[in-house]
Amino acid sequence: MHRVLIVEDEEHLAEGLRLNLEAEGFAATVEDNGQVAFDRLTSDPTAFDVVLLDVMLPGLDGFELVRRLRAAGHFVPVMLLTARSHTDDVLAGFEAGADDYLPKPFDLSILLARLQGLLRRKMWLRGRAVEGALEDLQEFTFDGKRIDFREQALHWDGTTQPLTLMEATLLRYLVRHTGQTVSRKALLEEVWGVREDTDTRTIDNFIARLRRYLEAEPSHPKYLQTIRGVGYRFVAEPDEGGAGSER
Ligand code: CA
């Protein structure tokens, strides 16, 4: 049974969510204060499989809560529930380390589909829902760096950088398509599984974050290349100064 923490201070909405999620077979718990939710999550990091997180909260707001969680090395999947549907707020949520977002008001069926999507990706990364040998990419090593998809972490020179669920999922998709140009549209559909109106700047934002981990010079990427007007391409062994490294 998947365990969901609902962090929502609007009692009516929180209880409605709790009842509906329980009816769908989830174990659901409600917290109405950001700080209390943060303390609960960090005191027992394996207590929940996924967090539904309101943005406007007493104690700590949702952005700050997820930022502090990630800074504390806590990488539970987080879906933001935001009444603010402005693109900049959505991007701020991803920048803070959220994995997905849903603008309020939302249909329960859409919430459930997105929640299942997050949980499925988590299992897929952890190798528990292997659909075939090709899906079972658990590690990838290049240029002295080792990506461990099960752990959701990047290792190099004795350093470990934890990855959020979506960072790891995106990176795995790019690595599985090494040398191929993948479009932003394909990434949105294949990695995020979201509807078409989602801003593709979401992807650019995640790519920028991955570059900070992977690249010696994030502004001059060698591995995570931008293919202008199309999308991105991951190369494990870039030609030094060679063609095809257009930024
Ligand atoms: Ca609220």
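Here the chain is treated with +1 on each Lys and Arg Cβ and -1 on each Asp and Glu Cβ, and its dipole about the Cα centre works out to around 680 debye.
Can you tell me what percent of all Cα-Cα pairs in segment 1-120 are more than 26 Å apart? Please report the intermediate quantities before stating the final value.
Details: 619 of 7140 pairs.
That fraction is 9 percent.
Under a 5 Å amide H cut-off, with hydrogens placed 1.01 Å from N, Leu102 pairs with Leu80, Leu81, Thr82 among residues at least 5 apart or on other chains. Expressed in Å, the radius of gyration and Dmax of the Cα atoms of the chain are 18.3, 59.
Measuring r between the beta carbons of Gln116 and Glu189 and using R0 = 22 Å, the FRET efficiency lands at 0.85. Rounded to the nearest Hz, the phi-derived 3J(HN,Hα) couplings of segment 159-170 under the Karplus curve 6.51 cos²θ - 1.76 cosθ + 1.60 (θ = phi - 60°) are 9, 10, 10, x, 10, 6, 3, 6, 4, 5, 5, 5, where x marks glycine and proline.
Could you give the size of the charge dipole of segment 139-234 about its Cα centre, using +1 on the Cβ of each K and R and -1 on the Cβ of each D and E, expressed in debye and rounded to the nearest 20?
Numbers: 15 positive and 14 negative charges, 40 e Å.
With only Lys, Arg, Asp and Glu charged at Cβ, the dipole is about 200 debye.
Once the C-beta distance of Thr200 and Thr141 is scaled by a Förster radius of 30 Å, the resulting FRET efficiency is 0.50 to the nearest 0.05. Counting only alpha carbon atoms, the long axis of helix 108-126 and the longest principal axis of the chain meet at about 50°. What the Cβ-Cβ distance of Ala71 and His220 gives, at R0 = 35 Å and to the nearest 0.05, is a FRET efficiency of 0.80.
Applying the Karplus relation 6.51 cos²θ - 1.76 cosθ + 1.60 with θ = phi - 60° to segment 212-229 yields 3J(HN,Hα) values of 5, 7, 8, 9, 5, 10, x, 7, 10, x, 9, 9, 9, 8, 8, 9, 3, x Hz, where x marks Gly and Pro. With θ taken as phi - 60° and the Karplus curve 6.51 cos²θ - 1.76 cosθ + 1.60 applied, the whole-hertz 3J(HN,Hα) list for segment 178-190 is 3, x, 9, 7, 10, 7, 4, 4, 5, 5, 4, 6, 7 Hz, x standing for glycine and proline. Note on the chain: helix-only mean residue ellipticity at 222 nm, from DSSP H runs of 4+ residues weighted -39500 (n - 2.57) and normalised by residue number, equals -11500 deg cm²/dmol. Starting from 0.36 nm per residue, how many nanometres of slack lie between Glu237 and Ala83 once their C-alpha separation is accounted for? Extra length available between Glu237 and Ala83 comes to 51.1 nm.
For Asp39 and Met56 in the same chain, what is the full-extension length gain: residue separation times 0.36 nm, less their Cα-Cα distance, in nm? Don't skip to the end; give the middle numbers.
Numbers: separation 17, 0.36 × 17 = 6.12 nm, distance 1.75 nm.
Contour length minus the Cα-Cα distance gives 4.4 nm.
The stretch between Thr160 and Lys104, if pulled fully straight at 0.36 nm per residue, gains 16.6 nm over its current Cα-Cα span. Taking amide H positions as modeled 1.01 Å from N, with prolines and chain starts lacking one, the residues under 5 Å from Ala153 and 5 or more places away or on another chain are Asp148, Leu163.
Readers should treat all values here as calculations from the given coordinates under stated rules, not as data from a laboratory. Computed from a prediction, not measured in an experiment: that's the story for all the values here. For neighbour counting, all protein chains shown are included, and Cβ atoms are generated from backbone atoms with ideal geometry for every residue, glycine included.
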